[in-house]
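A.B. asks: Can you read through this structure? Questions will come right after.
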Amino acid sequence: MGRFRFLTAGESHGPTLGVILEGVPAGLNLTADAIAVDLARRQRGYGRGARQAIEQDRAEILAGVRHGLTLGAPILLLVRNRDWENWTKVMQVEPLSEVDVEDLARLAVDGNKRATPVTRLRPGHADLAGALKYGFNDVRDVLERASARETAARVAAGGVARAFLAELGIEVWSFTAEVGGVALDPANASRSRKEADASPLRCPDPDAEALMIARIDEARSNGDTVGGVFEVVAHGLPIGLGSYVHWDRRLDAALAAAVMSINIVKGVEFGLGFEQTRRFGSAVHDVIAGRGEGGRWIHRSNNAGGLTGGVTNGEPVVVRGAVKPISTLAKPLPSADLITGEAVDKAHYERSDISVVPAAGVVAEAMVMLTLADFILDKFGGDSIDETRTNLEAYRARISRSPAAPLAGGRRGARTRAATSAGDTASGGEATSGGEAGSGGDD
């Protein structure tokens, strides 16, 4: 990430999760109550486990905000883990005393699962690769950070990005599109965004949701887990975010990486995604209908998902993520022991959910918003939210007007410059310059 950056810290059963954000412009309205909305949405969803009954996530704003307004300085957020009270000795930061070691050993002998070192590896988790990479002999050192609990910090950071994007007229939301092979029918998506968000699986199609719930119940009864697909949609983005000139400036690549970074996501697609491979080009590419009201460019469809050449094209950005079934099963799969290398009948079991597709969608919203905020600040800059907004508005005004006709030999803009030097005000009654003041840095 560039101007808008964030880092998270913390373990699943440690005292707290932390996140620091840098690059948030000054003057942005920001409160803990606003961030709490998305944190609560992340915890809901049919198929979630007992951990969600313990935690009531709320982010404390400890730096970078004064009197409800951002200062342009780094922002520090903390999300405390209530379950820490049950893990204080197992997860304490300071070295263990001899008495502590004896206490934990005694608890382990008595069958206390928290105190017992984890060596039975879980298929599908980071246990084996992480333990070997970092030289651990207790998988607890891996699973505490590889846990999806870390995504609570991402959602808190995403709440800041949501506040920033909202000031610019940009909205991002998600919904559950599929669970366990049961997909929604777009023609039957009768719920409003608010209604869908309040439903058990955050699904716009009530009939499909009932079948999805049945699939989750089936998995639960079998001691199994089930995955699915979420869809994230971003409205209000201007044409021109991202770039085709280098691979690392493509917005689609950055969004794909951001969504793919979510622990449980194993695939990402935009618009029609892989369905494009099954159609002829004439049934895929979005016909450009021309300029509409206010000079807005219109496409007849949005199969590209709002991105062409790595650049936003003015249509809503549509990103989908494939959510694998959770790796921790109530009826564990066979596996192997980290220390002996020998097969074991059952992998380690740690309290788990059955399905997290709705929650994964909320996490994906956060990652999409954080990425969009970074690309917006890269293009429009602004040390204050007012400056960023002014730059964006000037850019929108410029791209809403027709450019000067090109001249032979590729002398782009020669006519515009000549007209400007003569004080020509033909384009809307105002004198223009070769580059709008504060309109961004691409031209």
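A.B. asks: Using the beta-carbon distance between T390 and K266 and R0 = 45 Å, what value does 1/(1 + (r/R0)^6) give for FRET efficiency, to the nearest 0.05?
C.D. replies: Plugging the Cβ-Cβ distance into 1/(1 + (r/R0)^6) gives 0.60.
A.B. asks: If each Cα of the chain is one equal point scatterer, what is log10 of I(q)/I(0) from the Debye formula at q = 0.10, 0.11, 0.12 Å⁻¹?
C.D. replies: So the normalised log intensities work out to -0.80, -0.94, -1.08.
A.B. asks: Between A34, A304, A187, find the one with the highest GNM mean-square fluctuation for the chain; connect C-alpha pairs within less than 10 Å.
C.D. replies: With Cα springs under 10 Å in the chain, the top fluctuation among A34, A304, A187 is at A187.
A.B. asks: Once each part is reduced to its C-alpha centroid, what is the distance from segment 319-398 to segment 137-207 in angstrom?
C.D. replies: Computed from Cα coordinates, the inter-centre distance equals 9 Å.
A.B. asks: Classify segment 329-404: rounded, prolate or oblate, from the alpha-carbon gyration tensor (a ≥ b ≥ c, eigenvalue square roots; a/c under 1.5 rounded; otherwise prolate if a/b is larger than b/c)?
C.D. replies: Here segment 329-404 falls in the prolate category.
A.B. asks: Give me M260, M91, M367, M212 sorted ascending by neighbouring Cβ count inside 10 Å, so fewest comes first.
C.D. replies: Lowest to highest Cβ neighbour count: M260, M91, M367, M212.
A.B. asks: Oh, and also: Take every Cα pair under 8 Å in segment 262-415 that's 6+ residues apart, average their separations, divide by the length, and report that relative contact order as a whole percent.
C.D. replies: 18 percent
A.B. asks: Roughly how big is segment 66-143's charge dipole about its Cα centre, with Cβ charges of +1 (Lys, Arg) and -1 (Asp, Glu), in debye to the nearest 20?
C.D. replies: Dipole of segment 66-143, to the nearest 20 debye: 460 debye.
A.B. asks: Among T390, T176, which comes first, then next, by fewest other beta-carbon atoms within 10 Å?
C.D. replies: T390, T176
A.B. asks: Taking only C-alpha pairs under 8 Å that are 6+ residues apart, what is the relative contact order of segment 1-94 in percent?
C.D. replies: This gives 37 percent for segment 1-94.
A.B. asks: Using Stokes-Einstein with the Kirkwood hydrodynamic radius over Cα pairs, what translational diffusion coefficient do you get for segment 241-305 at 10 °C and a viscosity of 1.306 mPa s, in µm²/s rounded to a whole number?
C.D. replies: 114 µm²/s
A.B. asks: Let me ask something additional. Just the Kirkwood number for segment 302-362, please: inverse of mean 1/r across all distinct Cα pairs, in Å, one decimal. Before the final figure, lay out each step's value.
C.D. replies: On the way: mean 1/r = 0.0652 Å⁻¹.
In segment 302-362 this quantity evaluates to 15.3 Å.
A.B. asks: Just how large is the dipole of segment 222-375 about the Cα centre, in debye to the nearest 20, putting +1 at every Lys and Arg Cβ and -1 at every Asp and Glu Cβ?
C.D. replies: Dipole about the Cα centre, nearest 20: 440 debye.
A.B. asks: If packing is taken as the average number of other Cβ atoms within 10 Å across a peptide's residues, how do 23-29, 262-268, 111-117 rank, most packed first?
C.D. replies: Top to bottom by mean Cβ count within 10 Å: 23-29, 262-268, 111-117.
A.B. asks: With the chain treated as a Gaussian network of Cα nodes joined by springs under 10 Å, which of A32, A177, A156 yields the largest mean-square fluctuation?
C.D. replies: A32
A.B. asks: Let me spell out the model: positive unit charges on the Cβ of Lys and Arg, negative unit charges on the Cβ of Asp and Glu, origin at the Cα centre of the chain. What dipole size does that give, in debye rounded to 20? Intermediate values should be presented prior to the final figure.
C.D. replies: On the way: 51 positive and 57 negative charges, 212 e Å.
My answer is approximately 1020 debye.
A.B. asks: Follow-up question, since we're still on this one. Once you sort the root eigenvalues of the Cα gyration tensor of segment 111-249 as a ≥ b ≥ c, which label holds: rounded (a/c under 1.5), prolate (a/b larger than b/c) or oblate (the other case)?
C.D. replies: Note, shape of segment 111-249 comes out oblate.
A.B. asks: Tell me the mean residue ellipticity at 222 nm calculated for the chain from its helices only (DSSP H runs of n ≥ 4, each -39500 (n - 2.57), averaged over every residue, nearest 500).
C.D. replies: Computed ellipticity for the chain at 222 nm equals -9500 deg cm²/dmol.
A.B. asks: Rg and Dmax in Å for segment 1-119, alpha carbons only: what are they?
C.D. replies: 18.4, 56
A.B. asks: From Cα pairs below 8 angstrom and at least 6 apart in sequence, can you work out the relative contact order of the chain, rounded to a whole percent? Intermediate results must be reported in sequence, preceding the final value.
C.D. replies: Working: 858 pairs, mean separation 85.1, N = 443.
Once normalised by length, the contact order is 19 percent.
A.B. asks: Oh, and also: Which of D383, D110, D374 ends up with the largest GNM mean-square fluctuation for the chain, with Cα atoms connected below 10 Å?
C.D. replies: So, out of D383, D110, D374, the one fluctuating most is D110.
A.B. asks: Viscosity 0.890 mPa s, temperature 25 °C: what is the translational diffusion coefficient of segment 47-174 from Stokes-Einstein with a Kirkwood Rh over Cα pairs, rounded to a whole number of µm²/s?
C.D. replies: 136 µm²/s
A.B. asks: Rank these for me by crowding, S97, S301, going from fewest to most other beta carbons within 10 Å.
C.D. replies: Fewest-to-most ranking of S97, S301: S97, S301.
A.B. asks: When ranked by the protection proxy of mean other Cβ atoms within 10 Å per residue, highest first, what sequence do the peptides 59-69, 356-366 form?
C.D. replies: Output ranking for 59-69, 356-366: 356-366, 59-69.
Read-outs: derived from the displayed coordinates by stated rules, not from any lab. What you see is a predicted model; the values in this text were computed from it and never measured. For neighbour counting, all protein chains shown are included, and Cβ atoms are generated from backbone atoms with ideal geometry for every residue, glycine included.
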